[in-house]
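Worksheet: one structure, shown below.
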Amino acid sequence: MGKICVVIILLAGISFSLEYKTKKREIIKNYIHNVLVYLEEEEENFSLCIPIPPEINGQKILRLKIKPMPDKELKIEGQRYILYRKRIKPHKEYIFTWKATIETQPMQFIMIDPKKVGRLNEIPLSIAHQFTISSDMYSMESEIVKMAAKEAVGNEKNPYLMIAKIDKYVRNNMRFLHDGMWDNAEVLLKKKMGSCSEYAILFSALCRLNRIPTRLVANTGHRWKQVYIPRYGWVTMESPGNGEIFTGGSLIIQMQGVRNEYLYDGWDYRSSFKLDKEWRGPTRWGNSYVIETIEEKD
């Protein structure tokens with residue numbers, strides 16, 4: 001059955017909408033995620049952390065098979081991780097795999113009616129407490145970041161309009177640079193450029209200082225953001241993006257709000273491994289390697 005979708009376009013601080021019809025149809029695909037490990041030298045205490053796709057944003061795991069069985073499973077802010085601690089013998093390839101059938105929703109652009117948006121104090125306490133806290137990446141104690149958070153929203157009190165202003169502020173004060181860096185919010189305000197992850201980090205810092213919950217979401221090569229709007233719930237915004245708000249879309253492998261001690265640099269959107277007491281992202285060195293791949297099948 002045809003369904004009306006609405007696209008929000010923000011231009012010079014003014015929002016207007018375009019409506020069109022589309023068919024909402026769930027997308028079911030099979031995914032095979034492998035982490036391949038090969039070391040030239042024996043490692044007695046090799047550790048590996050692999051994220052499992054979360055069930056958010058209309059995303060559902062219909063079937064999941066993990067091999068080999070992990071040594072430990074944990075959840076951080078609702079995100080599931082599997083952990084391995086293993087002795088790795090030299091000159092032997094090890095494979096760590098999850099296979100999943102996942103249902104995702106097609107991208108649906110939505111219109112937010114500011115008059116129907118609730119107040120910030122209507123946000124559930126569990127969400128407000130968990131997704132507005134500070135972290136070293138947000139540098140929310142920095143005076144520079146605090147000033148930017150105030151400047152971005154001005155006197156606006158409507159949560160949706162505050163989000164729109166913050167998003168516009170970040171895009172106006174940042175130039176996209178695919179540098180693979182994850183600098184904190186204070187550094188980003190000074191250098192005024194950054195990657196998709198850094199756009200999401202600065203956006204999140206300014207939102208959180210204004211009591212608006214955010215979380216970063218990612219697949220193996222890209223990170224964007226989600227924000228909580230009272231009476232609408234979690235919605236998605238691209239990073240950098242152009243102000244559009246939507247639900248559904250790409251497969252999400254990981255969501256993250258604060259630093260995770262099991263990930264490379266605390267913020268990696270990929271699997272991470274620990275070698276010589278240091279967490280690292282997938283890489284090659286000499287003839288050794290830890291490689292992550294994900295294959296999608298209809």
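The values are calculated or read from the model by the stated rules, or taken from the named source; none is laboratory data. Keep in mind that what you see is a predicted model, and the values were worked out from it rather than measured. A quick note on method: Cβ atoms are made from the backbone with ideal geometry, for glycine too, and the neighbour counts reach across all protein chains shown.
Here is how the numbers come out for the structure above:
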read-out	value
Candidate set: the stretch 77-89, residues that are outside any strand (DSSP E or B) and out of contact with any Pro (no Cβ under 7 Å at 6 or more places or on another chain); chosen: the one surrounded by the most Cβ atoms within 10 Å (Cβ to Cβ)	E77
Positions within the stretch 217-250 being surrounded by 18 or more Cβ atoms within 10 Å (Cβ to Cβ) and within 20 Å of I61 (Cβ to Cβ), in sequence order	V217, A218, Q226, W234, T236, T247, G248, G249
Those strands (runs of 3 or more DSSP E) lying entirely in the stretch 228-298 with at least 1 residues at pLDDT 90 or above and of a type in the set (D, E, K, R)	272-275, 278-280, 283-285, 288-297
Where M111 falls short, out of the listed (1) without any contact (Cβ under 8 Å) to a residue 60 or more places away in the chain; (2) part of a loop (DSSP other than H, G, I, E, B); (3) closer than 23 Å to G249 by Cα	(1)
The stretch 131-158 residues that are farther than 23 Å from R259 by Cβ, paired with ones that are aromatic (F, W, Y) (beta carbon under 6 Å, 6 or more apart)	A152/Y169
Pick from the stretch 134-173, criterion of a type in the set (S, T, Y) and assigned to a loop (DSSP other than H, G, I, E, B), ranking: surrounded by the most Cβ atoms within 10 Å (Cβ to Cβ)	Y138
Qualifying residues in the stretch 94-118 (those that are among the hydrophobic types (A, V, I, L, M, F, W, C) and closer than 18 Å to G233 by Cβ) - the one nearest to the chain's Cα centre (by Cα)	M107
Residue count for the stretch 186-208, restricted to those that are of a type in the set (A, V, I, L, M) and crowded, with 23+ Cβ neighbours inside 10 Å	6
E198 being within 15 Å of the chain's Cα centre (by Cα), outside any strand (DSSP E or B) and in contact (Cβ under 8 Å) with a residue 24 or more places away in the chain	yes
Residue, nearest to E292 (Cα to Cα), within the stretch 117-133, restricted to residues that are touching a Lys or Arg at 6+ places or on another chain (Cβ under 9 Å) and part of a loop (DSSP other than H, G, I, E, B)	F131
Top-ranked residue of the stretch 257-266 - restricted to ones that are in contact with a helix residue (DSSP H, G or I) (Cβ under 9 Å, 6 or more places away or on another chain) and within 18 Å of L48 (Cα to Cα), ranked as surrounded by the fewest Cβ atoms within 10 Å (Cβ to Cβ)	R259
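Results for (1) farther than 30 Å from G154 by Cβ; (2) outside any strand (DSSP E or B); (3) modelled with pLDDT of 95 or more, shown as yes or no for each residue.
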site: Y31; (1), (2), (3): yes, no, yes
site: V35; (1), (2), (3): yes, no, yes
site: P51; (1), (2), (3): yes, no, yes
site: G58; (1), (2), (3): yes, yes, no
site: K75; (1), (2), (3): yes, no, no
site: H91; (1), (2), (3): yes, yes, yes
site: K115; (1), (2), (3): no, yes, yes
